[in-house]
Amino acid sequence: MTDPKSLRNPYGNTGFEREDLADNPVETFNRWWAEILQTDTIEPNAMALATSTPDGHPSLRMVLLKGYSQEGFEFYTNYHSRKGSELSQNPNVALLFFWEKLERQVRIEGRAEKLPHEKSLAYFQSRPRGSQLGAWVSPQSRVIADRQELEENYRKLEERFAGDELLPLPENWGGFLVRPNRFEFWQGRADRLHDRFVYRFENGRWIIERLAP
């Protein structure tokens, strides 16, 4: 078995300086997003989402970014799932993108809020029909007896909605918008002397600082 301590990755990409950053972090993200899309990265929109209970017990999972703008970053989920439940009690969240092909990370911190029903409905009905049925079927994060239970419920829903061109939005499913108040852009460099810049939103403006690696 390979000892994890023996694994080494010699980062070597060109770094970046303050002048390479836009004054607005979403614009910097947009530049990096355009660059990662030029690679063969599978699901570049995959991001880790960290949530926490009100008393500070964290949990972490991968979700998919489904949109972003100056307002924030969007993803969709079951509102009764563990993440949905934790977000309803504590909206403070963190996101992480790791783009190995470019040796980059983007960390985002902020507060999550539910997207309007109309937006969640429009996205839901744009998904493949199987994914829509899956959202109806799965009591996400809850204990179930076996896979057969899921498959049987899926079959019943296929019959229930057989004559419907568009499926209705489940009451317990929809989107969240993460409104950022902090970004960190990380670029791997040789000898672990990585480049890190943080954006902090204070008094109505973004402050940019370099961090030690």
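The values are calculated or read from the model by the stated rules, or taken from the named source; none is laboratory data. If you're wondering where the values come from, they're calculated on a predicted model, not measured in any experiment. For neighbour counting, all protein chains shown are included, and Cβ atoms are generated from backbone atoms with ideal geometry for every residue, glycine included.
Name, by its number, the condition in (1) under 24 Å from GLU202 (Cβ atoms); (2) buried (at least 18 other Cβ atoms within 10 Å of the Cβ) that does not hold for THR77. Against the list (1) under 24 Å from GLU202 (Cβ atoms); (2) buried (at least 18 other Cβ atoms within 10 Å of the Cβ), THR77 comes up short only on (1). Screening the candidates ASP40, ASP20 for the property of being at pLDDT below 95 and among the acidic types (Asp, Glu) yields one hit, ASP20. The residues of region 27-38 that are under 15 Å from ARG107 (Cα atoms) and in contact (Cβ under 8 Å) with a residue 60 or more places away in the chain, listed by number, are THR28, PHE29, TRP32. For region 142-164, the criterion of a residue being crowded, with 16+ Cβ neighbours inside 10 Å, in contact with a helix residue (DSSP H, G or I) (Cβ under 7 Å, 6 or more places away or on another chain) and not in a helix (DSSP H, G or I) is satisfied by no position. When we screen ALA112, ALA94, ALA135 for residues that are buried (at least 17 other Cβ atoms within 10 Å of the Cβ), in contact with a strand residue (DSSP E or B) (Cβ under 8 Å, 6 or more places away or on another chain), in contact (Cβ under 8 Å) with a residue 12 or more places away in the chain and assigned to a helix (DSSP H, G or I), the only hit is ALA135. Scanning region 115-132 for residues that are outside any helix (DSSP H, G or I) and surrounded by fewer than 17 Cβ atoms within 10 Å (Cβ to Cβ), we see that the one that is farthest from the chain's Cα centre (by Cα) is PRO128. Evaluate the following for ALA135: is it modelled with pLDDT under 95 and either hydroxyl-bearing (Ser, Thr, Tyr) or under 18 Å from GLY67 (Cβ atoms) (or both)? Against the criterion (modelled with pLDDT under 95 and either hydroxyl-bearing (Ser, Thr, Tyr) or under 18 Å from GLY67 (Cβ atoms) (or both)), ALA135 qualifies. Scanning region 1-54 for residues that are within 19 Å of the chain's Cα centre (by Cα), at negative phi and surrounded by fewer than 10 Cβ atoms within 10 Å (Cβ to Cβ) turns up ALA34, ILE42.
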